[in-house]
Amino acid sequence: MAAATEGHDLIVANAEVRNVDFKEVLVRKRLTLPQDTVYKATDWNEFARAVGSHLTFVGAVIIRRSVWISRDREKYFGSGFVHVGVIFDQPIRGTILATEVPLVSIRFGNAQWTSRAFQIWLINWPELIWSFKSLSDQAKSGISAREPWRSLKTLLFNRAMGMYSAHEYTAFVAPRPNTAAWHAMARVIAVIPRVLLYVPVWLYIRTKLPNRTYVLFNLKESWKKK
């Protein structure tokens, strides 16, 4: 594409999500941009709000080599998202292009991190995002809630998806401060039989979530891994 030759420091490619054999489209566009969008240094927080959550997929990121080398990459080793750390550690001074047209297909269902999903998405990811001093709190909240694990509704949802159990409670939730009543509820949710949650969560997805095809597929797949 012609825009890729215009000297941007960072290009973020839109992506579609397909199932394992690529026959079914689960998400047509991860970024809902009206057109190819160029962000300048003055648009830094706007860029973060609009594009930040899409950056979980490293295959969408094309970054100028000199920018990559100039950043403190080792600071983010072990985070699972070194590329996100490199991008947000400090503002990018050049321009950033985010494409409206999907240029990449994500193959959903073959990830190696599924067993660590709770830790990655409810602990590691929000802690990383909220560690960036280069972003405003408003921009950070547009990417991730600060402590999503505090929501009992979120814990119920993750229990239904098979990502939250007594193991996750003990390892990641129990050590974190909250009221005794909240911890009691979090422990109960961790051991509720998943079968009791399937229909309520299915109905919630069908009626409340915008990307219901993708999330329903995720719910169905989670039961194959019981």
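When the residues of the stretch 74-86 are filtered to those that are open to solvent by less than 40 Å² (accessible area, probe 1.4 Å) and over 15 Å from the mean Cα position of the chain (by Cα), which remaining residue is nearest to Gly142 (Cα to Cα)?
Among those residues, the one meeting the criterion is Val86.
Identify the residue in the stretch 148-194 that is within 28 Å of Lys220 (Cβ to Cβ) and among the aromatic types (Phe, Trp, Tyr) and, among all such residues, is surrounded by the fewest Cβ atoms within 10 Å (Cβ to Cβ).
Among them, the one singled out is Phe172.
Looking at the stretch 6-31, which of the residues that are hydrophobic (A, V, I, L, M, F, W, C) and part of a loop (DSSP other than H, G, I, E, B) is least open to solvent (accessible area, probe 1.4 Å)?
Leu31
Within the stretch 205-226, can you find the residues that are in contact (Cβ under 8 Å) with a residue 24 or more places away in the chain, surrounded by 12 or more Cβ atoms within 10 Å (Cβ to Cβ) and assigned to a helix (DSSP H, G or I)?
Thr213, Tyr214, Phe217, Asn218, Leu219, Glu221, Ser222, Trp223
Kindly provide the set of residues from the stretch 70-86 that are farther than 27 Å from Thr32 by Cβ, assigned to a helix (DSSP H, G or I) and among the small types (Gly, Ala, Ser), ordered by number.
Once the filter is applied, which keeps residues that are farther than 27 Å from Thr32 by Cβ, assigned to a helix (DSSP H, G or I) and among the small types (Gly, Ala, Ser), the stretch 70-86 yields only Ser70.
Exactly one condition in (1) among the aliphatic types (A, V, I, L, M); (2) in a loop (DSSP other than H, G, I, E, B); (3) exposed (fewer than 15 other Cβ atoms within 10 Å of the Cβ) is false for Ala145; which is it?
(3)
Which condition does Glu46 not pass, out of (1) closer than 15 Å to Ile143 by Cβ; (2) at pLDDT 95 or above; (3) under 14 Å from the mean Cα position of the chain (by Cα), if it passes all the others?
Failed condition: (3).
Could you figure out which of (1) free of Cβ contacts under 8 Å to residues at least 40 places away in the same chain; (2) part of a helix (DSSP H, G or I) isn't true of Val67?
Unmet for Val67, out of (1) free of Cβ contacts under 8 Å to residues at least 40 places away in the same chain; (2) part of a helix (DSSP H, G or I): (1).
Could you list, in sequence order, the residues of the stretch 50-73 that are open to solvent by 30 Å² or more (accessible area, probe 1.4 Å) and over 23 Å from Ala117 (Cα atoms)?
Ala50, Ile62, Ile63, Arg64, Arg65, Ser66, Trp68, Ile69, Ser70, Asp72, Arg73
Between Arg30, Arg65, Arg18, Arg71, which is within 14 Å of the chain's Cα centre (by Cα) and of a type in the set (Lys, Arg)?
Testing whether each residue is within 14 Å of the chain's Cα centre (by Cα) and of a type in the set (Lys, Arg) leaves just Arg30.
Run down Leu122, Leu97 and say which single residue is crowded, with 17+ Cβ neighbours inside 10 Å, in contact with a His (Cβ under 8 Å, 6 or more places away or on another chain) and either assigned to a strand (DSSP E or B) or at pLDDT 95 or above (or both).
Leu97
The values are calculated or read from the model by the stated rules, or taken from the named source; none is laboratory data. A quick note: this is a predicted structure, and the numbers were derived from the prediction, not measured. Every residue, glycine as well, gets a Cβ built from its backbone with ideal geometry; the counts of neighbours run over all protein chains shown. What goes into the accessible areas is simple: the full protein's heavy atoms, side chains included, and nothing from ligands, DNA or RNA. Shrake-Rupley method; radii C 1.70, N 1.55, O 1.52, S 1.80 Å.
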